[in-house]
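First up is the structure itself, then whatever we jot down about it.
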Amino acid sequence: MNAPLKTISFSQGINMALDEAMAADPNVFVLGEDVADEQGGGVFKATLGLSAKYGASRVRSTPISEQAIIGAAVGAAITGMRPVAEIMFMNFLTVCMDQIVNHAAKLRFMSGGLTSVPLTIRCGTGAGVGFGGQHSDMLEAWFAHVPGMKVVTASNPADAKGLLLSAIEDDDPTLFIENVAMYAAQGAPPEAGYKVPLGKAKVVREGSDVTVITYGRPVLEVAAVAETLAGEGVSVEVIDLRTIAPFDAETVLNSVAKTNRAVVVHEAVKAFGVGAEVSSRIHEELFSQLKAPVGRVGSKYSPVPFSPPLEQAWLYSRDEIAAAIRKTLG
Amino acid sequence: MGLAKAASDAADVDTDTLLEIYRRTALINRTDEKFRALLMSGTLRLVYYPVRGQEVVSAAMMTALRPDDYLVTTYRGVHDQLAKGIPPKILWAEFTGKATGACKGKGGPMHITHPETGVMVTTGIVGSGLPIANGLGLSSLLKGDGRVTVVCFGDGSTNIGAFHEAMNMASIWKLPVVFLCQNNRYGEHTAFADSTSAGRIVDRAPGYGMNAVRVDGNDASEMYAAAKAAVDRARAGGGPTLIEAMTYRMLGHVFGSNASYVPKALQEEAVREDPVPRLRQKLLDLQVPEATLAGIEQAIDGVIAEAVEFALSSPYPDIGEIRKDVLGQEIAA
Ligand SMILES: Cc1ncc(C[n+]2csc(CCOP(=O)(O)OP(=O)(O)O)c2C)c(N)n1
Ligand SMILES: [Mg+2]
């Protein structure tokens, strides 16, 4: 036996989930560009070692054909298989939107429940690492807007493992978003079998003055800001949505009912983002008890720029998060 | 491979098989006619894509399949679904949006699913069925269940990217899939030659290293021989085949649309080559008694009448269905 790991990376968390899922269920298989070991185990190495263990038939490197990848995954899924399709970068989902939106998301409903699509799509993305305009977008709102889709993202390696395992075992099509700036991030290793339920947000820090709702990489930034503000006597409650769609309104509303103030933070461009939906839900349910309008922090309204100072300026910042929180305190 | 082989096999198709093809042909033909009659009279209101002229292609193709083989088809798919064996009652009920329909009325004419008879996906998006068919084939390959998948699509669908991605993937993975292109000479109002750089769709197959054959899809024997060869190859692990079945869309793109853009000579030729009387005559020539054929037709008319009655008298789905089948778990009210 190997010595227990002290920490694991985000990529290792993903690899562990895939490994456990494949070991447990012969219907689980992986497909995507370069995913087999012979092709390097995926450009982010998340699938490294799996084809050695499960064979290149179940860990299947594909042609560069995103429509064909997702189409094949949809077809296999409606026969009861549980494909995990890797789409290297989130922006490449734009060339297979038809398969996701018109087919994966809708076949259960349009068939009156006769077929379901237990498909997981993994994709990497995120700004701050210099990929520029076509490899960095956070498009989660697009998919959250499609009835029938689940959208999930993790803020640490253990969650990545636990959420991905749940996504694979879930009977609905799930988009699993990985932040490329976090693949090497280390975190506490989860136990074997560790799972995080879909559809449930987590209060990652308790507080009483204001609730910050966020997900993915910004959870770390918000936690840091919360720590700083605690030194100023401001008590911030932080919620990691974990599952963006379906939205865990209960956890969010319970928290805001307590704090009466809220800010939503995400990496996606602020305009028309998930923050607008979350903010709107809070206003609809808790308007009379809010002490301030719900604040929103997102990235700037432009394609993701390449030049490093521009890229950093484009991203949401700790200062903006802190300012938005302070604004709700009046 | 190619035309010559299909033609030589054609002679071998026995009378019982042809009769089975005719049974399915007549069911399609009479169902299509009934839909149009009920639309014309105003009894039905739905978007209907006629299949008049393409009956034999489907009937012969599906006769070459096992009941548990998979089918993926399109909005113009009633011929494929019926030939594959979907019960007419639940097909009619689905077309009319009733709770008793194949999909509880939630899919409608463009989205028929009936896994029990292998009707796995019907898509309204041109070309999108091909990548999905690969997935069905991949599932069969990984599970070793010996099933074959047939995916039907039109000539116009061979100009969309999904066609090319799917052909390449099916070929490199040797998937048990039969790509059945029903070349009915038109995509909506655009003639095949005006939209397609390849003179023949089969000529695209070598670019994907795929076996391919172009046949007269309106000739039951030739169509069946090509279908059988492709299905046998797929089942034996020999990989996919592209069949270009030459046929003809005898009516407009959709019920009620005009087809004045079709040259008169082509229309006249199509009527002369009408596959349904052609197959009927062939059976008579093979000494099948007229009474046998008339008996088949009469029985089918009874089945259709019963199906129409069932659909029209069935209730609409409960409004609560909107919250069901969106996700595995029902959406809260
Ligand atoms: C992606 C997409 N583009 C356009 C349409 C509109 N459309 C519906 S049917 C059709 C023609 C398709 O022609 P063909 O593939 O030859 O099939 P046929 O209708 O002749 O059976 C078009 C353009 C569509 N449904 N999907
Ligand atoms: Mg056509």
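The values are calculated or read from the model by the stated rules, or taken from the named source; none is laboratory data. Computed from a predicted structure; not experimentally measured. Using ideal geometry, Cβ is built from the backbone for each residue, glycine included, and neighbour counts are taken over all protein chains shown.
Quick notes on this one:
- Residue ID - surrounded by the fewest Cβ atoms within 10 Å (Cβ to Cβ), chosen from residues in the range B:171-199 that are within 16 Å of ligand 1 (Cβ to nearest atom) and within 28 Å of B:Leu138 (Cα to Cα): B:Asn183
- Those residues of the range B:79-127 which are within 16 Å of ligand 2 (Cβ to nearest atom), surrounded by fewer than 24 Cβ atoms within 10 Å (Cβ to Cβ) and small (Gly, Ala, Ser), in sequence order: B:Gly124
- Those helices (runs of 4 or more DSSP H) lying entirely in the range A:218-330 with at least 2 residues closer than 22 Å to A:Phe143 by Cα and not polar (S, T, N, Q): A:218-230, A:249-259, A:274-286
- Test: residue in the range B:310-320 that is assigned to a loop (DSSP other than H, G, I, E, B) and either touching an Asp or Glu at 6+ places or on another chain (Cβ under 9 Å) or crowded, with 18+ Cβ neighbours inside 10 Å (or both): yes
- Residue check for A:Leu315: of a type outside the set (D, E, K, R) and within 24 Å of A:Lys200 (Cα to Cα): no
- For B:Phe179, the stated conditions do not hold, so it cannot be described as within 16 Å of ligand 2 (Cβ to nearest atom), more than 8 Å from every other protein chain (Cβ to nearest Cβ) and touching a Gly at 6+ places or on another chain (Cβ under 6 Å).
- Scanning the range B:153-162 for residues that are within 11 Å of chain A (Cβ to nearest Cβ) and surrounded by fewer than 24 Cβ atoms within 10 Å (Cβ to Cβ) returns B:Ile160, B:Gly161.
- Within the range B:108-152, the set of residues being within 7 Å of chain A (Cβ to nearest Cβ), assigned to a loop (DSSP other than H, G, I, E, B) and out of contact with any strand residue (DSSP E or B) (no Cβ under 7 Å at 6 or more places or on another chain) comprises B:Ile125, B:Ser128.
- Test: B:Gly42 is in a loop (DSSP other than H, G, I, E, B) and crowded, with 23+ Cβ neighbours inside 10 Å: no
- Residue count, the range B:164-181 (criterion: in contact with a strand residue (DSSP E or B) (Cβ under 9 Å, 6 or more places away or on another chain) and not in a helix (DSSP H, G or I)): 8
- A count restricted to the range A:154-181 and to residues that are surrounded by fewer than 22 Cβ atoms within 10 Å (Cβ to Cβ) and either modelled with pLDDT under 95 or among the aliphatic types (A, V, I, L, M) (or both) stands at 2.
- Those residues of the range A:145-161 which are within 8 Å of A:Arg242 (Cβ to Cβ) and within 14 Å of chain B (Cβ to nearest Cβ), in sequence order: A:Val152
- Selection from the range A:182-208 of residues that are buried (at least 20 other Cβ atoms within 10 Å of the Cβ), among the hydrophobic types (A, V, I, L, M, F, W, C) and touching a residue at least 60 places away in the same chain (Cβ under 8 Å): A:Met182
- Flag if B:Glu165 is touching a His at 6+ places or on another chain (Cβ under 7 Å) and in contact (Cβ under 8 Å) with a residue 24 or more places away in the chain: no
- Criterion: among the hydroxyl-bearing types (Ser, Thr, Tyr) and within 15 Å of the chain's Cα centre (by Cα) - qualifying residue of B:Thr25, B:Thr100, B:Thr43: B:Thr25
- Which listed residue, of B:Ala259, B:Ala291, B:Ala265, B:Ala270, is modelled with pLDDT under 95 and more than 25 Å from the chain's Cα centre (by Cα): B:Ala265
- When the residues of the range B:152-176 are filtered to those that are within 16 Å of ligand 2 (Cβ to nearest atom) and aromatic (Phe, Trp, Tyr), the one that is nearest to B:Pro275 (Cα to Cα) is B:Phe153.
- The strands (runs of 3 or more DSSP E) found entirely in the range A:36-132 that carry 1 or more residues being away from every other protein chain (no Cβ under 14 Å) and out of contact with any Ser or Thr (no Cβ under 6 Å at 6 or more places or on another chain) are A:82-89, A:120-125.
- Filtered residues of the range B:182-206 (kept if in contact (Cβ under 8 Å) with a residue 24 or more places away in the chain, within 13 Å of ligand 2 (Cβ to nearest atom) and either under 15 Å from the mean Cα position of the chain (by Cα) or assigned to a helix (DSSP H, G or I) (or both)): B:Gln182, B:Asn183, B:Asn184, B:Phe192, B:Ser195, B:Ile201
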